[in-house]
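The block underneath contains the structure these notes are about, expressed in structure tokens.
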Amino acid sequence: MKKFSVFFSVLSVIVVTILLSACGNTKSGRNNIYIVVDSVEKDSFLEETKSGVNDFCGDNNFNFESLTCKNESDFLNKLDFAGENGSLVWACGAYFFDDAKKAAEFNTKSKYVVLDSPSDDKTTNLFGVVFRTEESSFLVGYIAGMTTNTNQVGFVGGINDDNIATFEYGYKAGVEFAAKERKTNINISSEYVGSYADLAKAFSIGDEMYKAGNDVIYQAAGAAGLGVIESAVQNDRWVIGVDVNQSEIAPKNVLTSALKHCRAIAKYVSEDIIKNNFKNSNKNTYYFGLENGSVDIPSNHDNYSDELYEKTQNIKQKIISDEIIVPKNKDDYETFKKELQ
């Protein structure tokens with residue numbers, strides 16, 4: 001397995017010189033790379049992805065532009081425009097997939113990448129990027145399960161779909177793993193905001209869950225998750241951050257965070273596709289997990305013990321070696337629970 005240090009040390013030492021002959025699209029003067037976003041997606045995950053694509057463009061003399069959609073009916077228009085005028089188009093979210101596929105079929109000289117979705121390997125210029133978020137969610141779930149005093153923990157998601165399911169069920173599995181180690185039962189409740197932008201609703205959900213006895217909540221709700229963090233502060237309880245280290249937002253309340261190294265991955269994938277390497281692509285889909293350091297937890301752990309951190313690192317190695325197979329949906333989770341017994 002390729003480890004993080006190898007993966008990114010190779011990435012960091014490559015000095016790329018993009019010549020017009022290196023990419024068929026640039027021969028027609030389309031030296032542009034676009035990132036297409038939904039108007040409500042204004043969170044750290046998106047900003048890190050934008051930064052990674054922009055980093056690549058800045059290093060390699062590409063023009064970078066971000067296009068924001070007015071609504072879902074605007075998805076295809078923006079993706080088609082970007083494909084007509086750019087060499088590479090990033091679509092930031094699994095919900096873009098169907099329209100990205102259509103746009104890729106229209107604009108065969110351009111390449112498209114859909115974030116958080118596997119690709120359709122039949123569309124040769126369409127790629128997917130999938131983070132194994134269930135793995136980092138398992139780690140934070142284990143920390144939650146080992147930390148809770150009430151034996152009640154919660155999960156708050158943004159939109160209830162297959163993508164966020166990986167966060168939920170990876171987390172729940174980690175909690176169950178801790179419960180078995182502690183030889184106790186831990187109740188796990190789940191709620192969804194139905195949005196990635198409604199901070200007020202997320203705050204209300206978090207507030208109710210804390211008042212019901214949950215003393216740790218893992219939020220995977222985009223910008224709305226900030227509402228859950230605020231509810232943790234108001235109730236003086238633990239909250240677990242997502243995508244980036246969110247401890248700076250509430251240092252006394254953020255127990256840990258489930259990280260996605262979006263910036264480095266966005267830069268890496270942009271380079272790999274532009275250069276036509278595809279060396280880490282499996283049927284046009286890039287998979288990134290604990291094994292290459294693309295998802296993880298922060299090394300700083302001021303709010304829990306060194307002993308627990310070391311235990312979590314041991315579990316991380318078991319996941320990497322496939323000794324622990326982390327579930328990413330409800331069915332796999334139910335199987336995981338039965339096998340734990």
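Just so it is clear, none of the values below were taken in a lab; they were calculated from the coordinates. A quick note: this is a predicted structure, and the numbers were derived from the prediction, not measured. Cβ coordinates were reconstructed from backbone atoms using ideal geometry, including for glycine residues, and neighbour counts include every protein chain displayed.
Kirkwood's formula applied to the C-alpha pairs of the chain gives a hydrodynamic radius of 20.6 angstrom.
Highest mobility in the GNM of the chain, judged by mean-square fluctuation with C-alpha springs under 10 Å and restricted to E135, E72, E176, is found for E72. Note: relative contact order over the chain, using C-alpha pairs below 8 Å and six or more positions apart, is 19 percent. Residue ranges 204-214, 219-229, 181-191 sort as 219-229, 204-214, 181-191 when ordered by packing (mean number of other C-beta atoms within 10 Å per residue, highest first).
Here the gap between K70 and A212, fully extended at 0.36 nm per residue and compared with their Cα-Cα distance, gives a gain of 47.3 nm.
Between S204 and N61, the FRET efficiency estimated from the beta carbon spacing at R0 = 51 angstrom works out to 0.60. The simple spin-label model puts a point 7 Å past each Cα toward its Cβ; for K338 and N149 those points are separated by 3.8 nm. For the range 300-309, 3J(HN,Hα) computed residue by residue from phi via the Karplus equation (6.51, -1.76, 1.60; θ = phi - 60°) reads 6, 9, 4, 9, 8, 6, 4, 4, 5, 4 Hz, glycine and proline entered as x.
If the segment from S51 to N276 were pulled out straight at 0.36 nm per residue, it would be longer than the present Cα-Cα gap by 78.8 nm. In the chain, the calculated helix contribution to ellipticity at 222 nm averages -14000 deg cm²/dmol per residue, counting -39,500 (n - 2.57) for every DSSP H run with n ≥ 4. Database remark: amide H of V113 closer than 5 angstrom to the amide H of V89, W90, A91, F127 (H placed geometrically; neighbours at sequence offset of 5 or more, or on other chains; Pro and chain starts carry no H).
Legend: distances between Cα atoms for K78/K279; K172/K311; K279/K330; pairs beyond 20 Å are K78/K279; K279/K330. In terms of the Cα gyration tensor, with a ≥ b ≥ c the square roots of its eigenvalues, is the range 179-264 rounded because a/c is under 1.5, prolate because a/b exceeds b/c, or oblate? Cα axes put the range 179-264 in the oblate bin.
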